[in-house]
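Peer 1: Starting off with a structure, shown below.
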Amino acid sequence: MDSTDLPAPEQEPADPANCRVRTTVRVGPAGDDSGDDFTLFFVTPAWLARNLGADDFRVLEYTVVLSRFQWPVAERAARELVASTEPQSWEQFVDAFSRIAYWEYSDETPPAW
């Protein structure tokens, strides 16, 4: 798992309690070194409060809310989300996980916040 928002491995945001971090999670079939990229956003309640107007709303696609961004917590969340799909095949995994994280081969446009 890595992030273009935080280019150095294990780099923390300037304010971990008030941030949005776009990450890429590479997932592949068991026993295969290849994989597909999935995008997950991690946001904090403080970041949401700062970026929503009084009469605004937001649907949080492909997003995990954390009280503060910490790599170990974000990585655990990604692992648990991957494990929660319980697929019988790679195709079933992609179908299930692409509802949680943006799949690189999706026909949809990725969220642009």
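The values are calculated or read from the model by the stated rules, or taken from the named source; none is laboratory data. Quick caveat, the model's predicted, so the values are computed rather than measured. Cβ atoms come from the backbone with ideal geometry, glycine included; neighbour counts cover every protein chain shown.
Peer 1: Go through the range 62-100 and count every residue that is closer than 24 Å to Ala14 by Cα, out of contact with any Cys (no Cβ under 6 Å at 6 or more places or on another chain) and not hydroxyl-bearing (Ser, Thr, Tyr).
Peer 2: Residues flagged as closer than 24 Å to Ala14 by Cα, out of contact with any Cys (no Cβ under 6 Å at 6 or more places or on another chain) and not hydroxyl-bearing (Ser, Thr, Tyr) within the range 62-100 amount to 13.
Peer 1: Quick check on my filter: what residues within the range 73-113 are among the β-branched types (Val, Ile, Thr) and not in a loop (DSSP other than H, G, I, E, B)?
Peer 2: Result: Val73, Val82, Val94.
Peer 1: Restricting the range 1-41 to residues that are assigned to a strand (DSSP E or B) and among the hydroxyl-bearing types (Ser, Thr, Tyr), which is surrounded by the most Cβ atoms within 10 Å (Cβ to Cβ)?
Peer 2: Filtering first and then ranking leaves Thr23.
Peer 1: For the range 29-76, name all the residues that are among the aliphatic types (A, V, I, L, M) and more than 17 Å from Ser98 (Cβ to Cβ).
Peer 2: If the condition is that a residue be among the aliphatic types (A, V, I, L, M) and more than 17 Å from Ser98 (Cβ to Cβ), then Ala30, Val43, Ala46, Leu48, Ala49, Leu52, Ala54, Val65, Leu66, Val73, Ala74 are the ones that fit.
Results for (1) at pLDDT below 90; (2) in contact with a strand residue (DSSP E or B) (Cβ under 9 Å, 6 or more places away or on another chain), shown as yes or no for each residue.
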residue: Glu10; (1), (2): yes, no
residue: Pro13; (1), (2): no, yes
residue: Val27; (1), (2): no, yes
residue: Ala49; (1), (2): no, no
residue: Thr63; (1), (2): no, yes
residue: Ser67; (1), (2): no, no
residue: Gln70; (1), (2): no, no
residue: Ala83; (1), (2): no, no
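Peer 1: Moving to a separate point now. What number of residues in the range 42-68 are surrounded by 17 or more Cβ atoms within 10 Å (Cβ to Cβ) and either more than 27 Å from Tyr105 (Cα to Cα) or touching a helix residue (DSSP H, G or I) at 6+ places or on another chain (Cβ under 7 Å) (or both)?
Peer 2: Total satisfying the criteria: 5.
Peer 1: Do the conditions hold for Phe57, that is, is it assigned to a loop (DSSP other than H, G, I, E, B), modelled with pLDDT of 95 or more and aromatic (Phe, Trp, Tyr)?
Peer 2: No, not satisfied.
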